[in-house]
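Peer 1: Before I ask anything, here is the structure I am working with.
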Amino acid sequence: QVHLVESGGGLVQAGGPLRLSCAASGSIFSINVMGWYRQAPGKQRELVATITSSGRTSYASSVKGRFTISRDNAKNTVYVQMNSLKPEDTAIYYCYAVIWSTGSVSYSNYWGQGAQVTVSS
């Protein structure tokens, strides 16, 4: 079993910072890509940022320059530092990881339970 547990969501004023964390635990052999998606009310889930095991990052254009994704491979944890938050960043943020669990024959996709981020104007 593999689990992704997010933390750090909450309410913040526009212009403020917030940091989300996501720790993967369980029977993990290897983690490839880790990342964050978000889903606002009435909208489809969208990619926010990803980071490979070697540290290569990519960002949605809407967050580039404001959000920074990072990971600690020793802790199987991914972070996203969100600065200059806007009301339109309000959404449920989901952690995502491509993990090879022990006993498996390939990588599989895993999701966290979601963390609410609300940005007030």
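The values are calculated or read from the model by the stated rules, or taken from the named source; none is laboratory data. Predicted, not measured: the structure shown is a model, and the values here were computed from it. Neighbour counts run over all protein chains shown; Cβ positions are idealised from the backbone, glycine included. Surface areas here come from the heavy atoms of the whole protein model, side chains and all, with no ligands, DNA or RNA. Shrake-Rupley method; radii C 1.70, N 1.55, O 1.52, S 1.80 Å.
Peer 1: Return the residues of segment 97-115 that are closer than 30 Å to residue 11 by Cβ and open to solvent by less than 90 Å² (accessible area, probe 1.4 Å); say none if nothing qualifies.
Peer 2: 97, 110, 112, 114, 115
Okay, residues lined up against (1) β-branched (Val, Ile, Thr); (2) within 20 Å of residue 13 (Cα to Cα); (3) surrounded by 21 or more Cβ atoms within 10 Å (Cβ to Cβ):
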position	(1), (2), (3)
36	no, no, yes
42	no, no, no
47	no, no, no
56	no, no, no
62	no, yes, no
66	no, yes, no
72	no, no, no
80	yes, yes, yes
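Peer 1: Is segment 73-90 home to any residue that is more than 12 Å from the chain's Cα centre (by Cα), within 11 Å of residue 34 (Cβ to Cβ) and part of a strand (DSSP E or B)?
Peer 2: Taking every residue of segment 73-90 in turn, none turns out to be more than 12 Å from the chain's Cα centre (by Cα), within 11 Å of residue 34 (Cβ to Cβ) and part of a strand (DSSP E or B).
Peer 1: Can I ask one more? Can you list residue pairs whose Cβ atoms sit under 6 Å apart, with the first residue in segment 40-54 being touching a residue at least 40 places away in the same chain (Cβ under 8 Å) and outside any strand (DSSP E or B) and the second being open to solvent by 30 Å² or more (accessible area, probe 1.4 Å) and not charged (D, E, K, R)? Count only pairs 6 or more apart in sequence or on different chains.
Peer 2: Partner pairs satisfying both residue conditions: 45/37; 45/39.
Peer 1: Search segment 1-26 for residues being out of contact with any Gly (no Cβ under 7 Å at 6 or more places or on another chain) and assigned to a loop (DSSP other than H, G, I, E, B), and hand back the single one that is least open to solvent (accessible area, probe 1.4 Å).
Peer 2: Selected residue: 16.
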